[in-house]
Amino acid sequence: MRFSLLASFSLACSLAGVAAQRPNIVFIMSDDHAAHAISAYGSRINQTPNLDRLAREGVRMENCFAANSICSPSRATILTGKYSHLNGVPTFNTFDGAQPTVAKYLQAAGYQTAMIGKWHLGSEPTGFDHWMILPGQGTYHDPVFLDENGQRTIKGYATDIITDLTIDFIKNRPKDKPFFVMCHHKAPHRPWEPNDKYRTLFASKHIPEPSTFNDSYEGRTDAIRECTQTVAEDLTRRDLKLAPPADLQGAARNQWLSVTPTEVTIEIDGRKQSLTGEALTKWKYQRYLQDYLACVQSVDENVGRLLDYLDQTGLSTNTVVIYTSDQGFFLGDHGLYDKRFMYEESIRMPFLVRWPGVIKTGFAQKKMAVNTDFAPTFLDIAGLDVPAEMQGRSLVPLWKGQIPADWRTSFYYRYYHDPGDHNTRAHYGVRTETHKLLCFWKKDQWEMYDLQKDPEELHNLYSDPGQQEQVASLKKELFRLKKAVKDDDQYADQEPPGGVDGALVRRAGNKATEKK
Ligand SMILES: [Ca+2]
């Protein structure tokens, strides 16, 4: 009897010890930050020393993918661990906050939870002890934030402020609980407005064009020709930061800014020069990337600031820090900007993670991760079971260099927003470790790529007579996965009701959110 009491007491003590030691989770996510604009991922166009530090001190996931490459769907998938067709956010639909989320599970298990920054899911956040979000897209300068009690405008630059608010949360949290904070940057989303300190950082630099910048689209389906996300034709005067005539006001000014110019007059060494055609396209690329990369520079600086804060407070040793983006982005690749397509630059999410003393350091993991894995991973970090309804699995073993024997060698993708903002055709597809098959289902048009021989995805082999066995095998895998993830074409023809720019944006006022 005495022994058993003693045993119970020591068990209780050790459980309390374990509870106190549960790791904190700092999840930093930017918006539209392509992995190929991070030097740790081999960027040819910029340097990101603070993100590189995270890579050096932790693990870099080489093949982490968004299951539906746009903002709100990726966010809904990260919160629920489920594909769009099961979480109800295939495009820009209001997220049903009554459903289970990883924040709710962590909160119920004793974590202090917070959501700071860009939310873009339409409904008020649930499962968070504290939240402070941008309405809709929010603004880069002097942003309005909504919280549990109301709203306030904070002077300054969004990326700096979101970091400040994240640090404030960590500072003021109850110290007897582990914490989980989602620090979601607005940057580097369009319209790519840099902080003043970085505005001219890339102005005098020539940014090399990607090798596929002049892709002719030969052999591809109609989709890439029909989309309106090209650098050559679809960037607006607003995107290019062209100054409207001083006398234009209100609607007329907005109208002027939304024009996609076919001729631009610039001044070089005091002489005016008119740009058209190829010269204009090249100039547009420079303007786009100069501002995009300047926005990334602020993100990198602020990741460093957060890492420094964790170091100074001694929190680093028991805090998992993750950096990712809600999807990738075309940086002139295939002549495009934006995301949406199932091509590599769009679906690949940067994913860096540091967990001192537990996972590898300076290690690159090539096995495939999907954003459905994030929620199960957070639960695993917290020592919690993963509910069966979640469709991904924990990435923690991969970070230790352990590859479960049944780890995925293919993943399923589905994009719905057609015509959407960029006339991008709906499609689904499968990516294996060596190949990719895409189906633009509304037109029954297909593309197939050999990723080993053609990593830039320039040669559509779908109709190649020598590839029919490969095509058949990929089709079989595609429909096996579609069934396995319970995609019954729930949203193939019709979207669920509601949008992400509704009530919260109305509450804050239209000026609190930027135009897409
Ligand atoms: Ca995004």
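The values are calculated or read from the model by the stated rules, or taken from the named source; none is laboratory data. Just so it is clear, the structure is predicted and the values come from calculations on it, not from any experiment. Here the Cβ is made from the backbone with ideal geometry for all residues, glycine too, and neighbour counts use every protein chain on show. To get the accessible areas, we keep the full protein, side chains included, count just its heavy atoms, and leave off ligands, DNA and RNA. Shrake-Rupley method; radii C 1.70, N 1.55, O 1.52, S 1.80 Å.
Per residue, how much accessible surface does the chain expose to a 1.4 Å probe? Answer in Å², no decimals.
Values: 20730 Å² over 516 residues.
That works out to 40 Å² per residue.
Expressed as a whole percentage, what fraction of the accessible surface of region 39-100 belongs to carbon and sulfur atoms when a 1.4 Å probe is rolled over the protein heavy atoms? Can you show the working numbers first?
On the way: 720 of 1550 Å².
In region 39-100, the share of accessible area belonging to carbon and sulfur is 46 percent.
When ranked by the protection proxy of mean other Cβ atoms within 10 Å per residue, highest first, what sequence do the peptides 474-485, 340-351, 250-261, 388-399 form?
Details: 474-485: 15.9, 340-351: 25.0, 250-261: 12.9, 388-399: 19.3.
Listed from highest to lowest mean packing, they are 340-351, 388-399, 474-485, 250-261.
Quickly work out the Asn149-to-Arg506 label distance, labels modelled 7 Å from Cα along the C-beta direction, and quote it in nm with one decimal.
2.5 nm
May I ask you to derive the FRET efficiency for Lys453 and Asp406 from their Cβ-Cβ distance with R0 = 45 Å, giving the value to the nearest 0.05?
0.95
Pairs of alpha-carbon atoms within less than 8 angstrom and 6+ residues apart define the contacts here; what relative contact order does the chain have, in percent?
25 percent
Given Lys118/Lys511; Lys197/Lys339; Lys284/Lys339, which pairs have Cα atoms separated by over 23 Å? The partial results should precede the final answer.
On the way: Lys118/Lys511 16 Å; Lys197/Lys339 28 Å; Lys284/Lys339 18 Å.
Violating the 23 Å limit, Cα to Cα: Lys197/Lys339.
Which percentage, to the nearest 5, of the DSSP beta bridges contained in region 28-167 is antiparallel?
Beta bridges within region 28-167, antiparallel portion: roughly 55 percent.
Considering only protein heavy atoms and a 1.4 Å probe, what is the carbon-and-sulfur percentage of the accessible area of region 241-289?
Carbon-and-sulfur percentage of accessible area, whole number: 49.
Can you grab the distance from the C-alpha centre of region 149-163 to the C-alpha centre of region 359-407, Å, no decimals?
So the separation of the two Cα centres works out to 33 Å.
Probe radius 1.4 Å, ligands and nucleic acids ignored: give me the carbon and sulfur share of the accessible area of region 380-516 as a rounded percent.
The value for region 380-516 is 48 percent carbon and sulfur by accessible area.
Which log10 I(q)/I(0) values, to two decimals, does the chain give at q = 0.09, 0.10, 0.12 Å⁻¹ under the Debye formula with one point per Cα?
Calculated log10 I(q)/I(0) at the listed q: -0.63, -0.79, -1.14.
Please sort 153-161, 422-430, 464-472, 204-212 by packing, taking for each peptide the average over its residues of neighbouring beta carbons within 10 angstrom, highest first.
Working: 153-161: 17.9, 422-430: 22.6, 464-472: 11.9, 204-212: 14.6.
Packing proxy ranking, top to bottom: 422-430, 153-161, 204-212, 464-472.
Give the shape of region 266-377 as rounded, prolate or oblate, defined through the alpha-carbon gyration tensor: a ≥ b ≥ c are the square roots of its eigenvalues, a/c under 1.5 means rounded, and otherwise the shape is prolate if a/b is larger than b/c and oblate if not.
oblate
Can you give the extra length, in nm with one decimal, that the chain gains between Asp168 and Phe479 once fully stretched, where that is 0.36 nm per residue apart less the Cα-Cα distance?
Full-extension gain reported as 107.2 nm.
Taking R0 as 45 Å, what's the FRET efficiency between Ser463 and Thr262 from their Cβ-Cβ distance, rounded to 0.05?
For Ser463 and Thr262, the calculated efficiency is 0.85.
What angle, in degrees between 0 and 90 and rounded to the nearest 10, separates the Cα long axis of helix 277-312 from the longest principal axis of the Cα atoms of the chain?
20 degrees
Taking the Cα-to-Cβ direction at Ala472 and at Arg56 and moving 7 Å from each Cα, how far apart do the two end points lie in nm?
Between Ala472 and Arg56, the label points sit 5.3 nm apart.
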